[in-house]
1. Here is a list: PRO163, PRO149. Which entry is in contact with a strand residue (DSSP E or B) (Cβ under 6 Å, 6 or more places away or on another chain) and closer than 24 Å to LYS49 by Cβ?
2. Counting just the residues of the range 324-363 that are of a type in the set (D, E, K, R) and touching a strand residue (DSSP E or B) at 6+ places or on another chain (Cβ under 9 Å), which one comes out surrounded by the most Cβ atoms within 10 Å (Cβ to Cβ)?
3. Restricting the search to the range 29-48, which residues are open to solvent by 40 Å² or more (accessible area, probe 1.4 Å) and outside any strand (DSSP E or B)?
4. Among the residues of the range 707-723, write down those that are open to solvent by 10 Å² or more (accessible area, probe 1.4 Å), within 14 Å of PHE648 (Cα to Cα) and among the hydrophobic types (A, V, I, L, M, F, W, C).
5. Check whether at least one residue in the range 315-323 is modelled with pLDDT under 80, surrounded by 13 or more Cβ atoms within 10 Å (Cβ to Cβ) and touching a strand residue (DSSP E or B) at 6+ places or on another chain (Cβ under 7 Å), and report yes or no.
6. Considering only the range 163-213, how many residues are in contact with a helix residue (DSSP H, G or I) (Cβ under 8 Å, 6 or more places away or on another chain), of a type in the set (Ser, Thr, Tyr) and at pLDDT below 80?
7. Cβ-Cβ under 8 Å, sequence separation 6+ or interchain: first residue in the range 138-151 and in contact (Cβ under 8 Å) with a residue 24 or more places away in the chain and closer than 16 Å to SER126 by Cβ, partner hydrophobic (A, V, I, L, M, F, W, C) and open to solvent by 70 Å² or more (accessible area, probe 1.4 Å). Which pairs?
8. Among the residues of the range 63-84, how many are of a type in the set (S, T, N, Q) and either farther than 22 Å from THR97 by Cα or assigned to a loop (DSSP other than H, G, I, E, B) (or both)?
Amino acid sequence: MSNMTVAKVAVENTVYHFDKAFDYLVPAEFDTVKPGSRVLVPFGSSNNKRQGLILELEQQSDTDKIKPVLAVLDKAPLLSNEALQMVIWLKEHYFCTLFDAAKLLLPSGINLKIKTLYSLTRAVASDELVSFNETEQEVIAFLSQKKAPVDREKLMKAIGLVPDSPVPEKLCKANVLEKSSGAVRLIGDATQKMVRFIENPELAKLTPKQKSVYQVLCDVDSASLKELCYFAGVTPSVVDTLVAKGAAQYYDTEIYRNPYDEVQNPESCDGIVLSEEQQAAYQSLFDQYKSGTGGVSLLYGVTGSGKTSVFMRLIDEVKDDGRGIIVMVPEISLTPQTIAIFHQRYGRSVAVFHSGLSLAERLDEWKRVNNGEALIAVGTRSAVFAPFQNLGLIIMDEEQEYTYKSESSPRYHARDVAKFRCAYHKALLVLSSATPSMESYYLAQNGRYSLNTLSARYGEAKLPQVTVVDMNLELEKGNSNILSSELLEALDENLKNSKQSIVLLNRRGYNTYASCKACGQVISCPNCSISLTYHSANNRLMCHYCGYTVPFTKECPSCHEDKVHYTGIGTQRAEEQLQELLPKARILRLDTDSTMTRFAYEKKLQLFSQGEYDIIIGTQMVAKGLDFENVTLVGVLSADQALYGDDFRSYERAFDLMTQVVGRSGRGKYVGRAIIQTFTPENNIIKLAAEQNYLEFYAGEIAIRKAMLYPPFSDICMVGFVSSAENNVRKASNGFLSMLSLLAQSEYSDQPMRVLKPSPALISKISNKYRYKLIIKCRNNCRFREMISRLLIQFEGNREFSKVTAFVDMNPDMIM
């Protein structure tokens, strides 16, 4: 028996406990297909058509029982060999399905949707039509008017049926309707109509206008229809006639939808002037890059020390080598300034990846990288998957930020993916921060990463003078405003001196909660175990977790007394108070409520940089990465909020936030200052942040981590459980613990671990789903992941727990 080609296929919409690479026979007509291409395959006992991705091809002799591939959906592979290896790696490390891992590597716009289509099998006679009910007759009448099959969703909407209505299936069984399915691209390729000339036409037959068009085409060979009409001064009908006479030819060419299409390539790149300290850091990084062995380096430098200049100088060298470069920033609010810097220096060779782009734009930026038309990818977390064939350098700016960790499956960390990619390409990964994560600085101290340090601000700039204000004393003086007298005076002085200020309050909304004075009831979300936040813009109480909203009323839903009042201050209320205290100030509020529209961050920050505003007040998005020379004052309101969380990283986050926001002040030629308001001025974290003393903070925090066996001295595996019934989720989490205990003792006794019993999540209910967690302090190696994978498969296959969803998050940034 001769061998046949069999494809190992990752199939969409499988569940973890039976997910694997499924075998499908490749028919002779598809024998040119390659791994990395998407296919349409029959799946399950009903042979429903599903999308899949070929991971590898192999030869098999016994193929009688193997189902065939139905269609090949891509002309060329979408994923490289590196990407296919990464799919396997992502599944193993993040406990997701193979297809979910593959989707991470593809732009959303290129995804296909399998649509169910219906059409009439035959004409239905009027005497037969009466045997069907009114709804069925409507379906038949509707489809009888259509020349092509109709998508199920459109059919349901047109007739007014619920999405899961059995009516179409019933008509299929009656042999009146025929069901088919097909794969449809969510976003199509953008094309442009082009015209090319054809040699040796009979010019005598052309009119003067047609001759002028033909002459333009002779000069340029081809042009878009729009450009041709513009330069020749004719209408499209003239070109149509020219084509009809055989003197020219139409064709379509793919174009890119680029929101930064106006960007031009720079005429020349100015040399970057580095200080002695910067030059030493650059040379060390360049030598490591040139060694060809790859690796990881931590670039640690105080705020304003010029870390960006160091890695821009390195980018120049890598770009000259023709190798790809990925630059990541932690959140979309930091991309405008970063993108502007890169466009100014590298022009159109920069591709941009972030959620502010449309699906079509993201697809086209992905294609520009994939086709080798862009050598630099700048963006948020997803930029780490930019499809470079020859990657030379990855830079993670503000590497400590939690936004580099995905909160939904697959729960990957961009830093780990970057390490994988750099190891594959023998590329260099540069982690850059003024407040590195405990894990990164520990690995740098212990030689796992190389360490380069910038201890002073660049040029003449100095670290700001920091004052810590005790808000208890302000209350004793009768000041109940959000601003201390010292901060108010400093803001007023800045206004008079035409300088700008940044004020941080890491709590959005108008008031943080509403409660009843009569019975003490806090107005909470009915779907989540969290209080509602008052928003003045629409006079509503809103849940920041599930989106539930209700008009504000003074009547208490519990005791019905008209004594509900709101308390606590969010950015909306702070903006209002600032305006009352400083009526001449032009104030810009930056939080997720004020920047919902497309490119809102970019436009507002540009206005601030142009001097259109005097003060920015906002959440943590104003704390990091921003670089405005005219900002000479930073104020931190309610510094205590970040300090007393229930997570082992609370102090690290608080120190990071305060250090970073203080570092926004005095970054240019003007002297800066910062004022931190707190009710606990004696707190050592506030003192160290005010001093910008990372090394002392690290020394104290790393000792606590070691004593408590937290990262980097162990890995944390969090198993989460979610269900609509609290009893089910409690029972399932304890059941998982029993299964873990049994398997760990019997087959994995060699694995060191400490297990904390299941407990309710910090926010125990979100969107009417109850949540429990189980924490394992462990060593994240192959054996441990194998054990957890087996437990997940066993758990999901247990009918007793069928109403509970379990998921695994390795080294979560925040314990739920």
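The values are calculated or read from the model by the stated rules, or taken from the named source; none is laboratory data. What you are looking at is a predicted structure, and each value in this text was computed from that prediction instead of being measured. All Cβ positions, even for glycine, are placed from backbone atoms using ideal geometry, and neighbour counts span all protein chains on display. Accessible surface areas use protein heavy atoms only, side chains included; no ligands, DNA or RNA. Shrake-Rupley method; radii C 1.70, N 1.55, O 1.52, S 1.80 Å.
1. PRO149
2. This residue is ARG362.
3. Of everything in the range 29-48, those that are open to solvent by 40 Å² or more (accessible area, probe 1.4 Å) and outside any strand (DSSP E or B) turn out to be GLU29, PHE30, ASP31, THR32, LYS34, PRO35, SER45, SER46, ASN47.
4. Within the range 707-723, ALA707, MET708, LEU709, PHE713 qualify.
5. No, every residue in the range 315-323 fails to be modelled with pLDDT under 80, surrounded by 13 or more Cβ atoms within 10 Å (Cβ to Cβ) and touching a strand residue (DSSP E or B) at 6+ places or on another chain (Cβ under 7 Å).
6. Summing the residues that are in contact with a helix residue (DSSP H, G or I) (Cβ under 8 Å, 6 or more places away or on another chain), of a type in the set (Ser, Thr, Tyr) and at pLDDT below 80 in the range 163-213 gives 1.
7. Qualifying pairs under 8 Å: SER144/ALA123.
8. So the count comes out to 2.
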